[in-house]
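Comments concern the structure below.
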Amino acid sequence: MHADRAERLYNFCMTIPRVLVLMAVALCTFAADVAGKLTGTAAGPQGSVAITEGKVSGDDVAFVENMSFRGMNIRIEYSGKIVGDELRLTRKVGEFATEELVAKRVK
């Protein structure tokens with residue numbers, strides 16, 4: 001999400017591996033501004049969650065998703081890169097698991 005792509009909306013669909021799954025498939029909607037702030041939501045069968053702490057630098061992306069699962073608050077940290085129409089991410093689910101996933105851009 002370079003500066004020339006700033007202030008644009010991106011929609012990605014990701015299938016999340018089934019390790020402590022909170023969402024099996026999520027549609028993520030992101031917007032980035034020229035200052036490098038990333039905002040958006042992740043929506044799946046359990047509902048919609050706003051992302052927090054979103055940052056963009058060049059094609060590097062990072063954000064946090066705070067979820068509640070069986071009465072536990074879980075912080076899910078994402079970091080990765082935009083490569084063409086893919087968002088290649090590492091997803092750290094609290095202290096439970098770290099997963100690799102690829103989200104595909106929805107056009």
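Take the residues of region 13-28 that are assigned to a strand (DSSP E or B) and of a type outside the set (S, T, N, Q): which is modelled with the lowest pLDDT? Ranking the candidates gives 25 first.
For region 63-80, enumerate the residues that are surrounded by 13 or more Cβ atoms within 10 Å (Cβ to Cβ) and either touching a Leu at 6+ places or on another chain (Cβ under 8 Å) or outside any strand (DSSP E or B) (or both). Result: 63, 67, 69, 74, 76, 78, 79, 80.
Residue-by-condition table, conditions (1) exposed (fewer than 15 other Cβ atoms within 10 Å of the Cβ); (2) within 10 Å of the chain's Cα centre (by Cα); (3) modelled with pLDDT under 85:
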site: 30; (1), (2), (3): no, yes, yes
site: 37; (1), (2), (3): yes, no, no
site: 44; (1), (2), (3): no, no, yes
site: 53; (1), (2), (3): yes, no, no
site: 61; (1), (2), (3): no, yes, no
site: 85; (1), (2), (3): yes, no, yes
site: 90; (1), (2), (3): yes, yes, no
site: 98; (1), (2), (3): yes, no, no
site: 103; (1), (2), (3): no, yes, yes
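The values are calculated or read from the model by the stated rules, or taken from the named source; none is laboratory data. This is a predicted model, so every value here is computed, not measured. Glycine also receives a Cβ, built like all others from the backbone with ideal geometry; neighbour counts cover every protein chain displayed.
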